[in-house]
There are 2 protein chains.
Amino acid sequence: MKKLKAPLYEALIRFRRNDPVSFHVPGHKNGAVWGDVVNNTFRELLSIDVTELDGLDDLHSPTGVIAEAQSLTAKFYKVKSSYFLVNGTTVGNLAMILATFNPGDRVIVQRNSHKSIMNALFLAKVKPVFVAPIYDSDIEGYSGVSFANIKKAIEKYPDCKGIVITNPNYYGLSVKLTSMIEYAHKYKISVLVDEAHGAHFSLGNPFPTSAILQGADIVVHSAHKTLPAMTMGSYLHFNSKLINEDKIKFFLSALQSSSPSYPIMASLDLARYYLEELSEVGYQNIISNHLEFISQLHEIPQLKIVESKMKESVTDPLKVIIQAKSKTSGYDLKKILEIVDIHPELADSRNVLLVLPLAELKNREIIIKKIRMAVSNLPIGEVGKEKLTVTYDPISEVNLTYEEMERYPKRIVNLKESIGRIVADDIIPYPPGIPLLMRGEIIKQSHINIITNLIKQGATFQGNEYTIQNKLTVFQL
Amino acid sequence: MKKLKAPLYEALIRFRRNDPVSFHVPGHKNGAVWGDVVNNTFRELLSIDVTELDGLDDLHSPTGVIAEAQSLTAKFYKVKSSYFLVNGTTVGNLAMILATFNPGDRVIVQRNSHKSIMNALFLAKVKPVFVAPIYDSDIEGYSGVSFANIKKAIEKYPDCKGIVITNPNYYGLSVKLTSMIEYAHKYKISVLVDEAHGAHFSLGNPFPTSAILQGADIVVHSAHKTLPAMTMGSYLHFNSKLINEDKIKFFLSALQSSSPSYPIMASLDLARYYLEELSEVGYQNIISNHLEFISQLHEIPQLKIVESKMKESVTDPLKVIIQAKSKTSGYDLKKILEIVDIHPELADSRNVLLVLPLAELKNREIIIKKIRMAVSNLPIGEVGKEKLTVTYDPISEVNLTYEEMERYPKRIVNLKESIGRIVADDIIPYPPGIPLLMRGEIIKQSHINIITNLIKQGATFQGNEYTIQNKLTVFQL
């Protein structure tokens, strides 16, 4: 590797070189206050867990090494400006929605968005219009939204101010956004993209195309998800002609700690450096290594590797979905792997998701051996029952404002009585974990049919114990 | 020390013992992805920078080791519940204000509150009434608010829903709140306290009394400021009969990363353990050690140790204010100390603030020698000119709602023309850094007199270049 070029990290390392005496916060005093019990774990890192000292700049008003580190990031990602986030993609999603929209604005939102998007809509008091994602029958799950449905939504709500997209999804499925973004921009509609799982997409082929290169106004990346940044380290990339950047700065500053973590910021500086290095020296060895790993997985008779064949989507090569070739559920398969200290990202009723490193897998042969061993007792044959599929309204609106929802009392009614009323809770059948009804939506006969069916098939409903008792909470208008 | 009892930290250490293989986020894969260049600093800590794996609980819905760690914290602080914050006291301040008040509610607020309080008032769209703090002529700065002024404010605005207090101030000055809180509770008025600098007050004498023991509804602590937690680690303590705790939970969940940092959470668990140990084995050695350090500082002829003599306030023994016995400003004194790698917390035109550790100071003799050396060339004699003092309206209201402030255009007018108009920016003379006018307040002749005087004496105005040109930005109604 060539000489390290990570201005913030380097400034921290220079700072600690002179054995500085701390009469400032944080209270661990460069780690000195801790006893030896915990020092082994924390010691080294605490020496750079400092505060806004001379020469170390200020995240909330950067002019020095943080400004430089952010500007190297913007240059790498080819955007107008990049912001280091120390409160995760959550704060990026909150800031982009609060900065872009005014209360009462109509906003088109992908239904299978992250909870932080839903919270942001509520805090911004906008009027969301939800658009359902495409069902992928290979993955047995939902991926992105189609341009056709977004276009329909814009035609139905020509006053809409923006579109909020989550792409790729958790399983690494990424849909093309170029036409949608071009179409939206023609009508001065902003496109905000939660690309949490795609911070490495800017490397290019064979990774899916980043929303940045497709013209999105704002893109948020969890640098901690696929790049080697510390947890809570994310980037917000600003590249818009429609949105007021000062408002982004205000909300990022208001919603993030006034004492941001230097280790997290330094890890963001280093993660950009790591990515830039890869883009220069190449990453073909990583891709080949992963392909070999996947072919070794293919050879394990008890496992099936699931791949999407949809033409609308590209799959991130860092995501591998496996299933048991038996009735064994995804949950059980995950537990079996954990016994041999192999820790997957997540499981659903069918799938187990593995997130591969953006590096060659170390000890690959040992890992394969462990997986083989773990699953060796699983039967091979009859697969589990079909996953429950749910039909979503392609376009659906909330019928009360968030202010009204806060004001109206709620009551519990039987499913039959609920038709035509407005639901007061998000009704999220699990699987697939995507809201069938969002609070504020009108309950229709078709929803009741789906709920009745799901209950019969044994589905659960996240955070809503009434639903399986054939009841729903509605607003009393 | 007795056996470590820090359930979250211990669970993390147990987890990494088996050399787990990570197919999950974060992307650094327990640190393995990093090259050796940066590994020395990050390696050990990254092994516990994990995600919500089996057995490691979930901050946003805790039932295991995080719940246990939080409940040990609540028990130590003697509150109903304690919440671990990974986005600093900032998010605690935002959540307590957003959860307690509705838009349009009238709220009494200490004028010298932290920026995060001001941002929270704006986000919550409340109607603030500002109450000025007491001037301390020894420190030449402002401390807390008096009960008398708060009482006057409640009498003037009997419809007010709550009081927001910042205590102690940055310099460690803490005023008694007991009578104020008792009085407020009689009228069902909630009292929210930003006690960022007082996480260690619960140790008891000689530290000031924590607002928790004085009956406050919610108290927020920066565990990273005086306890040995990592930066961004804070606690929110809930102890209210008036406030809906579910709303606190909602806002903390909505405003904090859905991937909270395990190292920060573990450091909060350990900080509570550290404090609990101190309260059991005693901390008299720390206090004596600090007193000896201070008496050694007293012996340095070029320095003066400044102490408040006000009966209304108690000073935190971890805070030491020094001045040069010469015209040398606080800013210059700080720079002189930094040359010998002694890093103070902050400086103003007169004072330099040192924050002592909640532990015996290591290498005290060397530190004293370094300070002696650094200041040896400073003259002794004539002190600098008096600090500028500013008179604040004891009680002052904003005359536009935050919604209106967002809507109305602004324009720049001469000071003379501005009287009777509503100011559109916070006018913050520096020193003392406390707003003379808050945006939304009416400009009076007395403000203009003070501003004219301040400009003559060479004051600056934070973030407002117009003021020194005898101009103010006002709303055009």
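Numerical summary
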item	result
Largest-first principal axis extents of the Cα set of segment A:27-171 (Å)	61, 38, 31
10 Å Cβ neighbours from other chains, averaged over peptide B:340-347	5
Charge dipole (debye, nearest 20) of segment B:300-378; +1 at Cβ of Lys and Arg, -1 at Cβ of Asp and Glu	320
Whole-number D in µm² s⁻¹ for segment A:346-455, Kirkwood Cα-pair radius fed into Stokes-Einstein, 37 °C, 0.692 mPa s	182
Shielding of A:353-359 by partner chains, average beta-carbon count, 10 Å	5
Separation of alpha-carbon centers, segment B:337-390 and segment A:442-459, rounded to whole Å	70
Long-range Cα-Cα pairs in segment B:26-87 (distance over 20 Å), rounded percent	45
Top positive-direction residue, dipole computed over chain B with Cβ charges, set B:Ile336, B:Ile450, B:Thr73	B:Ile450
Rounded to the nearest 10 Å², the accessible area of B:Glu299 at probe 1.4 Å	120
Globularity index of segment B:243-297, i.e. its alpha-carbon radius of gyration over 2.2 N^0.38 Å	1.83
Projected area averaged over orientations for segment A:272-372, convex hull of C-alpha atoms, nm²	7.6
Quotient of Cα Rg and 2.2 N^0.38 Å for segment B:392-477, N being how many residues it contains	1.00
Across A:Lys249/B:Lys410; A:Lys78/B:Lys29; A:Lys80/A:Lys188; B:Lys311/B:Lys456; B:Lys127/B:Lys176; A:Lys127/B:Lys241, pairs whose alpha-carbon gap is larger than 29 Å	B:Lys311/B:Lys456; A:Lys127/B:Lys241
Fraction of alpha-carbon pairs over 20 Å apart in segment B:207-295 - percent	51
Cross-link reach list, aspartates and glutamates versus A:Lys369, counting only Cα pairs under 18 Å and skipping chain neighbours closer than eight places	A:Glu292, A:Glu299, A:Glu338, A:Asp341, A:Glu360, B:Asp19
Kirkwood Rh and Cα Rg combined as Rg/Rh, segment B:114-209	0.96
Helix-only [θ]222 nm of chain A, DSSP H runs n ≥ 4, -39500 (n - 2.57) each, per residue, nearest 500	-11000 deg cm²/dmol
Shape category assigned to the protein assembly as shown from the gyration tensor of Cα positions, a/c cut at 1.5	prolate
Relative contact order of segment A:205-331, defined on C-alpha pairs under 8 angstrom at six or more residues apart (%)	22
Å² per residue, accessible surface of the protein assembly as shown at 1.4 Å	38
Gyration tensor (alpha-carbon) shape descriptor, segment A:38-121, a/c threshold 1.5	prolate
Alpha-carbon centroids, segment B:146-189 and segment A:234-248: separation in whole Å	40
Relative contact order, percent, chain A [alpha-carbon distance under 8 Å, six or more residues apart]	14
Shape parameters for chain B, alpha-carbon atoms, Rg then Dmax in Å	24.0, 73
Total accessible surface hidden between B and A, rounded to 100 Å², 1.4 Å probe	7300
With every protein chain in place, the protein assembly as shown: carbon and sulfur % of accessible area (1.4 Å)	51
Segment A:79-222: relative contact order in percent, alpha carbon pairs under 8 Å with at least 6 residues between	22
Kirkwood-based Rg to Rh ratio, segment B:149-266, C-alpha trace	1.00
Cα centre as origin, Lys/Arg/Asp/Glu Cβ charges: the protein assembly as shown dipole, Debye	1140
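The values are calculated or read from the model by the stated rules, or taken from the named source; none is laboratory data. Note that the coordinates shown come from a computational prediction; the quantities given were computed from them, not determined experimentally. Ideal geometry is used to build each Cβ from the backbone, glycine not excepted, and the neighbour counts take in all protein chains shown. Surface accessibility is based on the protein's heavy atoms, side chains included, excluding ligands, DNA and RNA. Shrake-Rupley method; radii C 1.70, N 1.55, O 1.52, S 1.80 Å.
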